[in-house]
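Asker: Structure below; questions to follow.
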Amino acid sequence: SGPGPFEGRFLTISGALHFAGEMPDLARSLRAMALGPAKPSLHREPGIVLGMCDDGEMAVDGPLVALFHGRLDQAPLGRSAAHSVLQAYGRWGADFASRLTGDFACAIWDGAARHLLLARDPFGAEPLHFWRDGRAILFATEPQGLLALPNVAREIDQRWVARWLALLPQTEPGTAYRGIDGVLPGHVAIFDAVEARQVRSWKPEELPPVRFARDADYAEAARALLDEAIRCRIAGAASVGSHLSAGLDSSSVTALAARQLAERGGRLTSFTAVPAAGFDGGNSDQLWDEGPLAAQVAAAYPNIDHVLVPNSGPPLTDMFDRVGGTSGMPPLNPVNQAWIDAIGQAAKQRGITVMLSGSKGNMSLSYDGLASLTEWARRGRWIALGRQLSMLRRRGHRWPSLANSVLLPALPRQLRRGIRRMFGRAEAQLHHFSALRPGFADRLGVLEEAAALAGNVGYGRSGQDARLAVIGRLDAGMARRAERRRFGFSTCDPTADRRLVELCLAIPPEQYLLHGESRSLARRAMEGILPDQVRLEDRRGLQGAD
């Protein structure tokens with residue numbers, strides 16, 4: 001699978017094109033973003049300067065120049081990822097990014113055609129930003145690399161702020177800074193003499209359906225791809241950590257990683273956030289303390305060092321400042337910053353360089369299948385829907401819960417809201433889930449969209465797989481970058497591996513609800529690997545319970 005992960009490597013790139021006068025000081029841009037010792041390396045041509053520092057990669061082949069940061073899983077041994085990007089561009093042109101698998105952001109300057117291409121992987125693991133003024137273009141890994149240059153004004157983009165506070169999907173390229181855009185995940189931004197545009201390189205809706213002969217084949221295929229996704233991310237790593245909750249995803253990633261590391265005599269350090277001492281969970285029917293179930297996973301593998309991390313850190317607002325100061329954006333799910341920061345600090349003390357997570361598993365391996373039933377309702381597949389709902393009911397799901405989660409989202413908004421009011425469960429309004437002022441939201445054109453979604457990206461998505469809406473909800477590139485800057489490790493999510501996600505999107509929805517068992521695919525895939533009490537647990541974990 002080519003070179004190992006960017007263990008201990010900090011990858012930063014930047015560039016400037018088509019400036020009529022004096023070229024910007026790109027070394028200054030790179031120093032502003034550097035995560036390690038800033039030793040900029042620059043490539044100059046008339047009207048062009050491209051640069052990198054830390055362990056970014058550059059490849060030059062005649063008129064073609066590539067800058068790369070991240071990881072490619074199919075890069076040939078002995079060949080840099082930047083050279084592999086140039087090879088892909090030479091063969092497939094602007095469609096090159098659709099042929100790459102890994103966590104990456106890259107830039108290609110084609111001196112013969114006189115155009116620039118910027119690309120990111122489908123899940124936005126690595127950030128990439130740009131600023132334009134006429135034909136002049138600046139690009140950089142972080143907004144800070146652009147703001148360090150005098151050409152770029154420091155102004156807040158109020159529309160971005162409104163969309164962020166309304167919890168709307170980040171489907172627009174804007175950032176918190178006016179005039180600075182991000183390359184969208186799964187897109188290629190193309191700049192030439194005619195126009196600037198972003199085109200999609202990842203098109204999951206075009207995936208052909210996957211059909212296997214046996215139900216067991218689906219589980220085996222998913223487990224094999226998750227295993228490979230983990231292998232690519234820990235290859236050559238000396239110190240691997242993992243988030244370990246009581247959930248299916250982090251438990252699956254942890255167990256499979258422990259098995260792989262055991263083969264080479266390695267150990268895995270797994271971190272579980274637990275409430276501070278003295279918290280009793282109240283009357284919650286959710287898992288408010290995930291420590292005991294996580295401990296069962298750790299006990300099943302002798303090479304796991306299990307670390308319980310209580311929520312007893314500094315004030316939450318102090319952590320907000322640290323997150324904002326390193327990522328250039330406010331934190332999403334702010335209460336979770338307590339345990340994220342505590343685990344990060346604990347991992348830093350232990351010298352972890354690669355941290356595994358399973359944050360996208362709910363939309364891939366452990367998808368519960370219920371949103372697919374909503375689409376069946378929209379399409380009028382009543383017989384199949386009725387059969388599936390009956391099986392879920394026999395498995396213990398209650399009819400009111402099934403109606404609320406499966407049937408009501410398929411109805412027009414006003415009818416859906418009216419029914420919920422009738423049963424005393426009014427749908428969330430903007431002021432219930434956001435401190436955003438309605439007048440401010442209305443002035444910036446986001447009030448209607450916020451009201452329609454009511455904080456749930458699954459509403460009103462007829463014809464689109466709800467999983468894609470959730471996957472695209474947040475661009476996590478800068479959040480990961482911030483963790484790297486604060487804690488020194490690279491966060492990798494094998495459940496967001498392109499190969500695994502594409503398989504899971506192409507698998508028939510029935511496989512996730514086989515015999516009425518929610519999350520059936522993951523439960524079957526991990527049989528014999530996870531303790532049954534963890535594998536079959538139905539309760540939802542309550543993050544940051546205290």
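The values are calculated or read from the model by the stated rules, or taken from the named source; none is laboratory data. Note that the coordinates shown come from a computational prediction; the quantities given were computed from them, not determined experimentally. Note that we place each Cβ from the backbone using ideal geometry, even for glycine, and neighbour counts take in every protein chain shown. Accessible surface is based on the protein model in full, side chains and every heavy atom, while ligands, DNA and RNA are left aside. Shrake-Rupley method; radii C 1.70, N 1.55, O 1.52, S 1.80 Å.
Asker: What ranking, highest mean first, results for peptides 341-350, 62-71 when packing means the other Cβ atoms within 10 Å averaged over each residue?
Answerer: Working: 341-350: 18.8, 62-71: 22.3.
Order by mean packing, descending: 62-71, 341-350.
Asker: Each label point is 7 Å from the Cα along the Cα-to-Cβ direction; what then is the distance between the points at Trp382 and His432, in nm?
Answerer: With each label placed 7 Å out from Cα toward Cβ, I get 2.9 nm.
Asker: Moving on to the next point. Scan around Leu64 for amide H atoms under 5 Å from its own, H built in the peptide plane at 1.01 Å from N, and keep only partners 5 or more places away or cross-chain.
Answerer: Sorted by chain and number, the residues that satisfy this are Gly111.
Asker: Which log10 I(q)/I(0) values does the stretch 255-374 give at q = 0.11, 0.22 Å⁻¹ under the Debye formula, counting every alpha carbon as one identical point scatterer?
Answerer: Values returned for q = 0.11, 0.22 Å⁻¹ are -0.50, -1.36.
Asker: Further, regarding this structure: Could you state the angle between the C-alpha long axis of helix 215-234 and the longest principal axis of the C-alpha atoms of the chain, as a value from 0 to 90 degrees rounded to the nearest 10?
Answerer: Result, in degrees: 40.
Asker: So what's the angle, to the nearest 10 degrees on a 0 to 90 scale, between helix 382-394 and the longest Cα principal axis of the chain?
Answerer: Rounded to the nearest ten degrees, it is 70.
Asker: Taking R0 as 41 Å, what FRET efficiency do you get between Arg264 and Glu205 from their Cβ-Cβ distance, rounded to the nearest 0.05?
Answerer: Details: r = 39 Å, r/R0 = 0.96.
The computed FRET efficiency comes out at 0.55.
Asker: Something else now. Using θ = phi - 60° and the Karplus relation 6.51 cos²θ - 1.76 cosθ + 1.60, list the HN-Hα couplings for the stretch 135-141 in order, rounded to whole Hz, with x at every Gly or Pro.
Answerer: 3J(HN,Hα) across the stretch 135-141, in whole Hz: 8, 6, 9, 10, 9, 6, 4.
Asker: Given the DSSP H assignment, sum -39500 (n - 2.57) over each helix run of at least 4 residues in the chain and divide by its residue total; what's the result at 222 nm in deg cm²/dmol, nearest 500?
Answerer: -10000 deg cm²/dmol
Asker: Could you check how much of the accessible area of the stretch 234-312 is carbon and sulfur, as a whole percent, using a 1.4 Å probe?
Answerer: Working: 1590 of 3120 Å².
Roughly 51 percent of what the probe reaches on the stretch 234-312 is carbon or sulfur.
Asker: As I understand it, the value is the acute angle between the Cα axis of helix 477-487 and the longest principal axis of the Cα atoms of the chain; what does it come to in degrees, rounded to 10?
Answerer: The two axes meet at around 90 degrees.
Asker: To continue, here is another question. Each residue of the stretch 199-211 in order: what ³J(HN,Hα) in whole Hz does its phi give by Karplus 6.51 cos²θ - 1.76 cosθ + 1.60, θ = phi - 60°, with x for Gly and Pro?
Answerer: Couplings: 10, 6, 9, 9, 10, x, 5, 8, 5, x, x, 9, 10 Hz.
Asker: Okay, moving on. If the viscosity is 1.002 mPa s and the temperature 20 °C, what Stokes-Einstein diffusion coefficient in µm²/s follows for the stretch 358-440 when Rh is the Kirkwood radius over Cα pairs? Write down the numbers at each step before the final one.
Answerer: Working: Rh = 14.8 Å.
Answer from the Stokes-Einstein relation: 144 µm²/s.
Asker: Related question: Would you mind working out the accessible area per residue for the chain, using a 1.4 Å probe, and quoting it in Å²?
Answerer: On the way: 23200 Å² over 546 residues.
Per residue, the chain has 42 Å² of solvent-accessible surface.
Asker: Next question, about the same structure. Quick one: Kirkwood hydrodynamic radius for the stretch 402-546, alpha-carbon pairs, angstrom, one decimal?
Answerer: On the way: mean 1/r = 0.0526 Å⁻¹.
This gives a value of 19.0 Å.
Asker: What chymotrypsin sites (Phe, Trp or Tyr not before Pro) in the stretch 137-221 are in a loop by DSSP, with at most 15 other Cβ atoms within 10 Å of the Cβ? Intermediate values should be presented prior to the final figure.
Answerer: Values: sites: Phe139, Trp160, Trp164, Tyr177, Phe191, Trp202, Phe212, Tyr218; in loops: Trp202, Phe212.
Sites meeting the loop and neighbour criteria: Phe212.
Asker: Right, next: So I have [x] 23.6, 87; [y] 27.7, 91; [z] 23.7, 73, and one of them is Rg and Dmax of the Cα atoms in Å calculated from this model. Which one is it?
Answerer: [z]
Asker: By how many nm would the segment from Leu415 to Arg499 lengthen if fully extended, with 0.36 nm per residue of separation less the alpha-carbon distance? It would help to have the intermediate numbers written out before the result.
Answerer: Numbers: separation 84, 0.36 × 84 = 30.24 nm, distance 3.90 nm.
Once the chain is fully extended between Leu415 and Arg499, it gains 26.3 nm.
Asker: If you don't mind, there's one more thing I want to ask. Order these peptides, 478-490, 385-397, 107-119, by their mean beta-carbon neighbour count within 10 angstrom, highest first. Could you put the intermediate results ahead of the total?
Answerer: On the way: 478-490: 21.8, 385-397: 15.4, 107-119: 20.1.
In decreasing order of mean packing, 478-490, 385-397, 107-119 become 478-490, 107-119, 385-397.
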